[in-house]
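Student: Below is a structure I'd like to ask you about.
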Amino acid sequence: MQPGRSPLTATYTHPRSTPSKFLPAISAMASSYKARFPYYPLPQSSSLPWMPSTYYKPAAINPTLAPFSKSSQGMTASKKLPVIANRTTFITRYTPEDWHRSNLTNYTESETCQHNAERLRVDTSRMIQDKYQQTEKTQGESTKNLGVRANDIGFWKSELCRELGEMIGETNALTDMKKRLERALAETEAPLQVAQECLLQREKRMGIDLVHDDVEKQLFTEVDVIRSCQERMQRYLDKAKAQLASNRVAQHELERDLANKQAAHRIDDKCHHLRNTSHGISYYRGVERVNAT
């Protein structure tokens with residue numbers, strides 16, 4: 001060995017390569033590992049001595065802090081304690097108890113997360129089952145109500161058909177009676193003209209022949225009776241015309257109501273026979289905002 005050279009550069013020795021990591025990292029746990037304590041990278045230097053005694057010598061030194069005095073103020077930077085970043089010794093950051101405690105915390109949190117996920121899954125399954133049962137119950141009640149409604153609409157539709165038939169029959173009978181009344185009113189014109197003609201001819205008599213006898217009295221009575229009958233027939237004829245107009249309005253309302261009943265019965269009957277497997281069932285956006293009536 002030549003003077004002035006250190007043993008590290010001797011030709012018969014090879015410097016030991018310093019490992020980059022003191023503990024090998026496990027790739028399977030790299031993604032799930034959580035650092036429970038702050039991580040400080042160990043200072044690495046390529047000038048570590050190759051002798052193992054160097055690692056343990058600094059561990060035996062117990063540094064003490066001297067009381068602050070004026071003499072320490074004059075110390076140079078070379079005489080002060082070395083900086084932490086310039087240390088080349090192996091310093092332990094955590095203890096095995098800290099490592100086990102961190103693992104225990106991770107295990108506890110994992111079990112808690114698993115328990116919460118399992119409870120959420122059970123709650124979700126129970127909610128799905130409850131909603132399914134509620135949907136089946138509501139669907140059954142809706143089907144029953146639709147059946148009752150379809151029967152009611154069918155009953156009232158038959159009643160409307162019966163009333164409409166009777167209304168048409170009454171209207172036809174009243175129309176026939178009106179025609180007969182008009183014919184009878186027209187036939188009273190001839191006897192009235194005859195009686196009036198007779199009275200007019202009797203007024204042409206002269207002198208003693210102008211006698212107010214029973215014949216003239218009967219003629220006046222006949223004219224009064226015919227005119228009274230004409231007035232009554234005309235009054236009943238006006239009532240028949242008004243009743244026919246009212247019947248037409250009522251018949252129009254019945255026909256419109258019957259058409260609505262038929263459309264409603266067709267819709268409700270189709271909805272009553274719908275099933276979950278029926279074709280053409282689709283969701284229409286905004287259907288929940290339709291008026292319930």
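Student: Take TYR283 and ARG180, extend 7 Å from each Cα along the Cα→Cβ direction, and tell me the distance between the two endpoints in nm.
Tutor: 6.8
Student: Calculate, in nm to one decimal, what ARG266 and LEU200 gain on full extension: separation in residues at 0.36 nm each, minus their alpha carbon distance.
Tutor: Taking 0.36 nm per residue and subtracting the Cα distance, the gain is 16.5 nm.
Student: Between the stretch 260-289 and the stretch 138-161, what's the alpha-carbon centroid distance in Å?
Tutor: 14
Student: Provide the gained length on full extension for the span LYS239 to HIS115, in nm with one decimal, where the gain is 0.36 nm per separating residue minus the Cα-Cα distance.
Tutor: Difference between extended and current length: 35.8 nm.
Student: Something else now. For the stretch 176-293, what is one quarter of the convex hull surface built on the Cα atoms, given in nm²?
Tutor: 13.8
Student: Grab the Cα-Cα distance for CYS229 and ARG275, subtract it from 0.36 nm times how many residues apart they are, and report the gain in nm with one decimal.
Tutor: 9.6 nm
Student: Taking the simple approach of a point 7 Å from Cα along Cα-to-Cβ for both SER142 and ARG248, what is their distance in nm?
Tutor: Placing both labels 7 Å beyond Cα along the Cβ direction yields 4.6 nm.
Student: Hey, can you find the accessible area per residue of the stretch 115-249 for me, probe 1.4 Å, expressed in square angstrom?
Tutor: Per residue, the stretch 115-249 has 75 Å² of solvent-accessible surface.
Student: Can you list the HN-Hα couplings for the stretch 179-196, worked out from phi with the Karplus curve (6.51, -1.76, 1.60; θ = phi - 60°), rounded to whole Hz and with x for Gly and Pro?
Tutor: Couplings: 5, 5, 5, 5, 5, 5, 5, 5, 6, 7, 6, 5, x, 5, 5, 5, 5, 5 Hz.
Student: Could you compute the FRET efficiency for ASN103 and GLN129, with r as their C-beta to C-beta distance and R0 at 30 Å, rounded to 0.05?
Tutor: 0.20
Student: Now for a different question. Taking R0 as 45 Å, what's the FRET efficiency between LEU210 and GLU187 from their Cβ-Cβ distance, rounded to 0.05?
Tutor: That pair, LEU210 with GLU187, gives E of 0.90.
The values are calculated or read from the model by the stated rules, or taken from the named source; none is laboratory data. Note that the structure is predicted; figures quoted are calculated from it, not measured. Virtual Cβ from ideal backbone geometry, glycine too; neighbours counted across all protein chains shown. Remember, those area values only see protein heavy atoms, side chains included, never the ligands or the DNA or RNA. Shrake-Rupley method; radii C 1.70, N 1.55, O 1.52, S 1.80 Å.
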